[in-house]
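> Input: one structure, supplied below.
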Amino acid sequence: MSKTDLIIVGSGILGLATAFLAHQQGRSVRVIDRSDRPVGSSIQNFGHACFTGQSDAAQPIAQASRDGWRQAAAATGLWAAETGTLIPAMTAAELAVLEEFAAHRGPEQVRLLDSEETARSLSNPHLGAVGGAHLPQDMRVNPREAAPTIAAWLAAQGVEFDWNTHVTGTADGEVATNRGSFRADHVVVCPGYQLTSLFPELAEDRQVRICTLVMSLIDAPPRLPTGFAMLTGTSLARYDGFAAMPSTDALRAELAEREPELVDCIANLMVTDIPEGLLIGDSHAYDLSPEPFIDEHLGQLLLDRSTALLGIDEPVVRQRWLGQYADSPETNLVLERPDEQTTVAVVTSRIGMTLSFGIADLVLGGGTVDL
């Protein structure tokens, strides 16, 4: 039975971030995954590292994650744009939240924009925003290349990968799989929503379920900048940092009246770019065993609202898909140590790409946090 310093179960971005940092620390690392490459939640999302929008309590982890993403980009050559996030304020209620957030966080994290600056930033002179904000510390990666690039680089550096290998259990430094058992001084299990299979009692205790997201890819107009990322009023009502502001309740009430369909589908209306086009989404639905079908009305609703903000009159849709990630109504992070040699780490909200390297640093250091 072979043995390494560290075994990581799962090649999602949290598992790969943990492998990257452990390798940087000089540890021998083995990664085990049931697929033959990263194909799960980590490639299905926006690739938007929204550090600024996280809660005040999460800011140390967010900044550690930002540092980790920059280190990974420098080492592996993956694309990571430090272009920030744009947020148009289409109403006074949205602007009030942004103004309060800017006063709370300061100019290093939030720069308020007037209506003309906002329109120019989105390359839409007919936008009609009352103002907006730019979050300069946020980053962009391409979700379709980030995890595969990190995995390939780690493999070239000597990290062992066991693909197409199904883990059936792990305890006390031993990982049982359909290809035999492996041992390590420490095992970090990052299974995403597969937590329900590996640690069902823990998943049930934390009410872990699957969140599904309706998303699409459209052609991008050349006038938009590379590294583009846009959040909207629905994002202000959803991300913990913005949502803590006093005016958020008024914004939520306004959204319920002005955009009831977006509220009903629990939308976080946002847009980011990749070389293939613009990623658009998303709605949120929760289930233990979600059906695979995409509601065309939801896809068109998100498309209509986002392209209206960007001044795209005739969007060309290239792809639609139903993204998935682990979710819990009671916590943003499951971080448990069922025995002295095992750590279970699952991000149970929309912030896995954003906080991955910060959480990986916490896992390797044996720390805890309440997110």
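The values are calculated or read from the model by the stated rules, or taken from the named source; none is laboratory data. Remember, predicted model here, so these are calculated numbers, not experimental data. Cβ sites come from the backbone with ideal geometry, for glycine too, and all protein chains shown count toward neighbours. For the accessible areas, the whole protein counts, side chains as well, though only heavy atoms, and no ligand, DNA or RNA atoms are used. Shrake-Rupley method; radii C 1.70, N 1.55, O 1.52, S 1.80 Å.
> Of the residues Asp67, Asp5, only one is of a type in the set (Asp, Glu) and not in a helix (DSSP H, G or I); which?
Asp5
> Let me ask something else about it. Among the listed residues Glu82, Glu94, which satisfies the condition of being on the phi < 0 side of the Ramachandran plot and either of a type in the set (Lys, Arg) or open to solvent by 20 Å² or more (accessible area, probe 1.4 Å) (or both)?
Working: Glu94 fails: either of a type in the set (Lys, Arg) or open to solvent by 20 Å² or more (accessible area, probe 1.4 Å) (or both).
After ruling out the rest, the residue left standing is Glu82.
> Considering (1) over 20 Å from Asn332 (Cα atoms); (2) within 16 Å of the chain's Cα centre (by Cα); (3) of a type in the set (Ser, Thr, Tyr), say which one Thr226 fails and leave the rest.
Answer for Thr226: the failing condition is (2).
> Kindly indicate the residue of the stretch 322-371 that is in a helix (DSSP H, G or I) and open to solvent by 40 Å² or more (accessible area, probe 1.4 Å) and also farthest from Gly192 (Cα to Cα) among those meeting that condition.
Per the stated criteria, the residue is Gly365.
> When the residues of the stretch 97-130 are narrowed to those that are within 19 Å of Cys50 (Cβ to Cβ) and among the basic types (Lys, Arg), which ends up surrounded by the fewest Cβ atoms within 10 Å (Cβ to Cβ)?
Arg111
> Restricting attention to the stretch 16-57, report how many residues are touching a strand residue (DSSP E or B) at 6+ places or on another chain (Cβ under 6 Å), farther than 20 Å from Ser2 by Cα and open to solvent by 50 Å² or more (accessible area, probe 1.4 Å).
Summing the residues that are touching a strand residue (DSSP E or B) at 6+ places or on another chain (Cβ under 6 Å), farther than 20 Å from Ser2 by Cα and open to solvent by 50 Å² or more (accessible area, probe 1.4 Å) in the stretch 16-57 gives 0.
> Ok, one more. Residues in the stretch 184-199: is at least one more than 30 Å from Glu160 (Cβ to Cβ), in contact with a Leu (Cβ under 9 Å, 6 or more places away or on another chain), touching a residue at least 24 places away in the same chain (Cβ under 8 Å) and not in a helix (DSSP H, G or I)?
For the stretch 184-199, residues more than 30 Å from Glu160 (Cβ to Cβ), in contact with a Leu (Cβ under 9 Å, 6 or more places away or on another chain), touching a residue at least 24 places away in the same chain (Cβ under 8 Å) and not in a helix (DSSP H, G or I): absent.
> Another one. Please enumerate the residues belonging to the stretch 149-161 that are surrounded by fewer than 19 Cβ atoms within 10 Å (Cβ to Cβ) and closer than 17 Å to Cys190 by Cβ.
Taking the stretch 149-161 first, the residues surrounded by fewer than 19 Cβ atoms within 10 Å (Cβ to Cβ) are 152-153, 155-158, 160.
Scanning the stretch 149-161 gives a single hit, Glu160.
> What number goes with the only condition from (1) at pLDDT 95 or above; (2) over 21 Å from His104 (Cβ atoms); (3) not basic (Lys, Arg) that Thr232 does not pass?
(2)
> Oh, and also: Would the stretch 253-264 turn up any residue that is within 26 Å of Gly192 (Cβ to Cβ) and aliphatic (A, V, I, L, M)?
No, the conditions are met nowhere in the stretch 253-264.
> Related question: Given the residues Leu95, Leu86, Leu112, Leu14, which is the only one that is of a type in the set (A, V, I, L, M, F, W, C) and within 27 Å of Gly192 (Cα to Cα)?
Working: Leu95 fails: within 27 Å of Gly192 (Cα to Cα); Leu86 fails: within 27 Å of Gly192 (Cα to Cα); Leu112 fails: within 27 Å of Gly192 (Cα to Cα).
On inspection, the qualifying residue turns out to be Leu14.
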